[in-house]
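S.K.: Take a look at this one; I'll ask things after.
The values are calculated or read from the model by the stated rules, or taken from the named source; none is laboratory data. Everything numeric in this text was worked out from a predicted model, so none of it was measured. FYI the Cβ positions are ideal-geometry reconstructions off the backbone, even for glycines, and counts take in every protein chain you see. Side chains included, ligands, DNA and RNA excluded: accessible areas come from the protein's heavy atoms. Shrake-Rupley method; radii C 1.70, N 1.55, O 1.52, S 1.80 Å.
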Amino acid sequence: MSTDLPYLRSYPASLQDQARDLLQQGKLGAVLLRKYPQAHAVRSDKALYDYAQELKARYLRNAGTVNKVLFDNKIHVVRHALGLHTAVSRVQGNRLAAKHEIRIAAMFKQAPEEFLRMIVVHELAHLREKDHDKAFYQLCTHMEPQYHQYEFDLRLYLTHVEQAGTRLWGSDAS
């Protein structure tokens, strides 16, 4: 049986096969829970804003101001993204002012801190680098050296949720 793994398509066939085997054995969730035993403590939009601002202050002091950071119930991971970075430009007198917003899919309100950090780092990197190019990913790994591992593990988690229909962390895990 060959299960399609949309979140893992860009990875080598050997990794996809390992993930497929774990899924078929019903062990993928247990592997993730062993590696990431608990969810982060960032529960409110204010706490998420503070979390993002701390990372920005540490790594991107001279980048644009982030005006809003929040968990968004309208972002559906399967159809869209893990998070969104938007810049809204408004005319103020004779100049343009950009307001940067970061929105994180609400399903990550209860996920491991490593996953949240990877998503926030990704969205913050867009303050400096608009495209997903080499410079963008270098900036991501500068802010989080384990960025690529966390991204892969997050994709494994999304695969688990899609295939098993259950979330692993938090009181609303279903």
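S.K.: Does the stretch 93-136 come out rounded, prolate or oblate, given a ≥ b ≥ c as the square roots of the eigenvalues of its C-alpha gyration tensor, rounded meaning a/c under 1.5 and, failing that, prolate meaning a/b above b/c?
M.R.: Numbers: a/c = 3.99, a/b = 1.62, b/c = 2.47.
It is oblate, given that a/c is not under 1.5 and a/b is not larger than b/c.
S.K.: While we're on this one: May I ask you to derive the relative contact order of the chain, considering only C-alpha pairs under 8 Å and at least 6 residues apart, and to give it as an integer percent? The partial results should precede the final answer.
M.R.: Numbers: 204 pairs, mean separation 42.4, N = 174.
So the answer I get is 24 percent.
S.K.: Sorted by accessible area (1.4 Å probe), largest first, how do ARG128, ARG167, ARG61 line up? Mind showing how you got there, number by number?
M.R.: Numbers: ARG128 110, ARG167 85, ARG61 180 Å².
Listed by decreasing accessible area, they come as ARG61, ARG128, ARG167.
S.K.: For helix 134-143, what angle does its Cα long axis make with the longest principal axis of the chain, in degrees from 0 to 90 and rounded to 10?
M.R.: Orientation of helix 134-143: about 90 degrees from the principal axis.
S.K.: Rounded to the nearest 20 Debye, what is the dipole magnitude of the stretch 89-147 about its Cα centre when Lys and Arg each give +1 and Asp and Glu each give -1 at the C-beta?
M.R.: On the way: 9 positive and 8 negative charges, 78 e Å.
Here the size comes out at about 380 debye.
S.K.: Same structure, new question: Rounding to the nearest 10 and keeping the result within 0 to 90°, find how far the Cα-based axis of helix 147-164 lies from the longest principal axis of the chain.
M.R.: 60
S.K.: Still on this structure: Name the long-range amide H neighbours of GLY170: under 5 Å, sequence gap of 5 or more, or other chain; modelled H, no Pro or chain starts.
M.R.: ALA39
S.K.: Over 24 Å between Cα atoms, which of LYS35/LYS109; LYS35/LYS130; LYS74/LYS134 qualify? Mind dumping the intermediate values first?
M.R.: Values: LYS35/LYS109 18 Å; LYS35/LYS130 32 Å; LYS74/LYS134 30 Å.
Check vs 24 Å cut-off fails for LYS35/LYS130; LYS74/LYS134.
S.K.: Would you pull out the residues with amide H under 5 Å of ASP72's amide H, same chain only if 5 or more places away, H placed 1.01 Å from N?
M.R.: ILE104, ALA105, ALA106
S.K.: Still on this structure: With +1 on each Lys and Arg Cβ and -1 on each Asp and Glu Cβ, and nothing else charged, work out how big the dipole of the stretch 132-174 is about its Cα centre, in Debye to the nearest 20. Provide the component values of the computation, followed by the final result.
M.R.: Working: 3 positive and 6 negative charges, 8 e Å.
My answer is approximately 40 debye.
S.K.: Next up: Quick one: check the C-alpha center-to-center distance for the stretch 36-72 versus the stretch 116-174, whole angstrom.
M.R.: Here the two parts' Cα centres lie 14 Å apart.
S.K.: Label-point separation (nm) for SER14 and SER44, each offset 7 Å from Cα along Cα-to-Cβ?
M.R.: 4.8
S.K.: Summing +1 for each Lys or Arg and -1 for each Asp or Glu, what net charge is found among the other residues whose Cβ lies under 12 Å from the Cβ of ASN62? List each step's numbers first, then the result.
M.R.: Working: positive: LYS56, ARG61, ARG128; negative: none.
Overall, the nearby charge balance is +3.
S.K.: Can you give the convex hull volume per residue for the Cα atoms of the chain, as a whole number of Å³?
M.R.: 129
S.K.: Moving on to the next point. Mean residue ellipticity at 222 nm from the helices of the chain, using -39,500 (n - 2.57) per DSSP H segment of n ≥ 4 over the full residue count, to the nearest 500 deg cm²/dmol?
M.R.: Working: 6 runs with 76 residues, N = 174.
The helix contribution divided over the chain gives -14000 deg cm²/dmol.
S.K.: In the stretch 96-174, what is the volume of the convex hull around the alpha carbon atoms, normalised per residue and reported in Å³? Intermediate values should be presented prior to the final figure.
M.R.: Details: hull volume 8.7 nm³, N = 79.
Value for the stretch 96-174: 110 Å³ per residue.
S.K.: Also, I was wondering about something else. Which residue, ALA105, ALA63, ALA39, has the most motion in a Gaussian network model of the chain that connects Cα atoms within less than 10 Å?
M.R.: Fluctuation is largest for ALA63.
S.K.: Here is a follow-up. If you place +1 on the Cβ of every Lys and Arg and -1 on the Cβ of every Asp and Glu, how big does the dipole about the Cα centre of the chain come out, in debye to the nearest 20?
M.R.: Numbers: 24 positive and 19 negative charges, 109 e Å.
Dipole magnitude for the chain comes out near 520 debye.
S.K.: Next question. Give the ranking of PHE152, PHE115 by solvent-accessible surface, highest area first, calculated with a 1.4 Å probe.
M.R.: Details: PHE152 30, PHE115 0 Å².
Largest accessible area first, the residues go PHE152, PHE115.
S.K.: In the chain, what percentage of the DSSP-assigned beta bridges are antiparallel, given to the nearest 5? Intermediate results must be reported in sequence, preceding the final value.
M.R.: Working: 10 of 16 bridges.
Approximately 60 percent, going by the DSSP bridge assignments.
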